1. Any idea how many Lys pairs in the chain come in under 22 angstrom at the alpha carbon, given 8 or more places apart or on separate chains?
2. Cα gyration tensor of region 327-474, axes a ≥ b ≥ c as square roots of the eigenvalues: rounded (a/c below 1.5), prolate (a/b > b/c) or oblate?
3. Go through 214-225, 342-353 and give me the packing order, highest mean Cβ count within 10 Å leading.
4. Assign unit charges at the C-beta atoms only (+1 for Lys and Arg, -1 for Asp and Glu), then state the dipole size of region 115-180 relative to its Cα centre in Debye, rounded to the nearest 20.
5. In the chain, if the dipole is taken from +1 on Lys/Arg beta carbons and -1 on Asp/Glu beta carbons about the Cα centre, which of C285, S228, P94 is farthest to the positive end?
6. Quick one: work out the % antiparallel among DSSP beta bridges in the chain, nearest 5.
7. Across region 259-271, in residue order, what do the Karplus-derived ³J(HN,Hα) couplings come to in whole Hz, using 6.51 cos²θ - 1.76 cosθ + 1.60 with θ = phi - 60° and x for Gly and Pro?
8. What ranking, highest mean first, results for peptides 291-298, 202-209 when packing means the other Cβ atoms within 10 Å averaged over each residue?
Amino acid sequence: MIRRLAVAGISLAVVLGCGTLPAVAADPAPTADTTLSAAPDVDVNEVKAHLNEFSAIAGRNGGNRRSTGQGYDDSVAYVKGRLQAAGYTVTEQPCTSGCTSGAGPNLIAEWPGGDANNVYMFGAHLDGVSAGPGMNDNGSGSAALLENALTLARQNPTLRNRVRFAWWTDEEQGLNGSDFYVRSLSSTERARIKAYYNFDMVASVNGGYFINHITSSAAAPMKAYWDSLGLQPEENTEGAGRSDDYSFEQYSIPTSGYAMGASARKTSAQAAKWGGTASRAYDPCYHSSCDTLTNINTTGLDRASDGIAYTIWQRAVDTGTGGTCDTTGVVANGGFESGTSPWTGSTGAIGAQSGQSAHTGTRFAWLSGYGSTRTESISQSVTVPAGCTRATLSYWLHIDTDESGSTPYDRFTVKAGGTTLATLSNADAGSGYVQRSVDLSAYAGRTVTLTFTGSEDSSLQTSFVLDDVTLLSD
């Protein structure tokens with residue numbers, strides 16, 4: 001993970017040595033949901049074998065794998081060799097603009113088969129900082145991704161969608177490799193990417209279980225897997241805008257991913273449900289020389305690796321259950337983090353504004369709130385997949401008002417086409433966001449315009465603050 005804020009308040013008494021990670025028994029596969037059995041159990045010992053190799057590479061090259069050094073180039077060569085031997089088409093993409101001088105290439109691998117117009121990308125940054133070998137940051141994400149790619153090759157299932165893997169250069173210097181990759185794509189090529197999944201620091205020793213954009217449809221399979229283990233994952237607020245998923249978000253490509261935390265400190269509530277030590281950094285060796293093989297949480301690494309596999313299988317593999325109701329990215333820019341497109345109407349309501357806060361991320365749509373007669377609406381057209389027997393539009397809404405009593409003076413409506421599906425008012429105000437939903441099942445196979453409207457009368461403000469709009473399927 002790139003450092004955007006200075007790491008403060010962490011005192012390390014010892015510097016842990018390098019070594020070889022021992023083999024361990026993996027977590028048992030979850031049994032609560034029989035649909036999870038379609039995905040393979042990724043062998044965490046194989047993941048750790050890749051980490052052992054990354055550690056050895058760093059040891060031979062000045063103790064690090066920085067993007068401008070031989071340690072990075074050797075890491076690229078190792079990953080590329082394993083992928084080519086497994087049958088992947090592998091491309092080294094030099095970063096010719098925006099990267100640190102001398103930075104090595106991105107590595108892109110695509111498995112043949114599946115609809116090339118529906119691409120699901122899975123990525124991790126392969127570089128580390130100069131201070132140490134970078135085993136958790138980000139050997140962990142790179143190794144988990146590599147073993148998932150090799151597992152897919154060994155299983156060789158029939159694919160309904162295309163799977164593409166990426167290992168990014170120069171992330172630690174400013175997300176430069178992934179930014180170059182997305183910028184280099186044509187608009188048509190970007191449109192083919194239905195979701196991008198990022199894995200950065202998935203083995204933090206005092207870690208938590210965090211998911212990027214946890215309420216989005218892109219995140220649904222990732223959350224479903226960790227939910228099946230009873231982990232109660234949380235939104236990855238610490239990592240927002242700090243890893244390679246942000247490069248894709250800038251172009252309105254849906255994103256999600258796993259993380260276990262960096263320099264932020266675990267709360268007492270998190271320690272109670274996940275274990276570990278409260279008030280201590282998730283990774284006390286973040287960007288330090290002690291980020292060695294002894295700085296790896298094997299249990300977390302195992303759970304992330306298996307969750308990646310589950311997501312690959314849900315998004316791309318023909319499991320014989322149809323798979324025709326994929327709602328990923330149906331609502332574009334539903335978290336408003338990528339500007340205003342494709343929303344139309346009162347788009348000046350979208351942004352990071354003082355006086356209100358986002359549900360996740362930093363941006364939201366603030367409709368009304370003027371204390372005078374005013375109506376504001378935002379809309380976008382969506383196509384509900386034809387195979388959806390049930391499709392639910394989910395959104396988070398905070399209603400903040402100066403009105404009193406139960407009389408509905410100011411109103412918020414949700415429409416599909418010309419049909420009003422939900423009406424709320426100042427009488428529904430509360431202290432925070434509430435997740436709400438409407439049923440769009442009747443629109444399966446149809447394109448419909450969704451419209452959110454806030455309207456006020458002539459006195460006393462009511463603000464309707466909207467965030468994290470997504471289409472979900474049961």
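1. Numbers: K48/K80; K194/K223; K223/K266; K223/K273.
Lysine pairs meeting both conditions in the chain amount to 4.
2. Prolate, because a/c is 1.5 or more and a/b exceeds b/c.
3. Values: 214-225: 23.1, 342-353: 17.3.
Final packing ranking: 214-225, 342-353.
4. Once rounded to the nearest 20, the dipole reads 500 debye.
5. P94
6. Details: 60 of 79 bridges.
Here the antiparallel bridges make up roughly 75 percent for the chain.
7. 7, 10, x, 10, 8, 5, 9, 5, 7, 5, 5, 5, 5
8. Answer by packing, highest mean first, reads 202-209, 291-298.
The values are calculated or read from the model by the stated rules, or taken from the named source; none is laboratory data. These numbers come from a predicted model, not from an experiment. When we count neighbours, we look across all protein chains shown, and the Cβ atoms used for this are built from the backbone with ideal geometry, even at glycine. Keep in mind that these areas ignore ligands, DNA and RNA; they rest on the heavy atoms of the full protein, side chains included. Shrake-Rupley method; radii C 1.70, N 1.55, O 1.52, S 1.80 Å.
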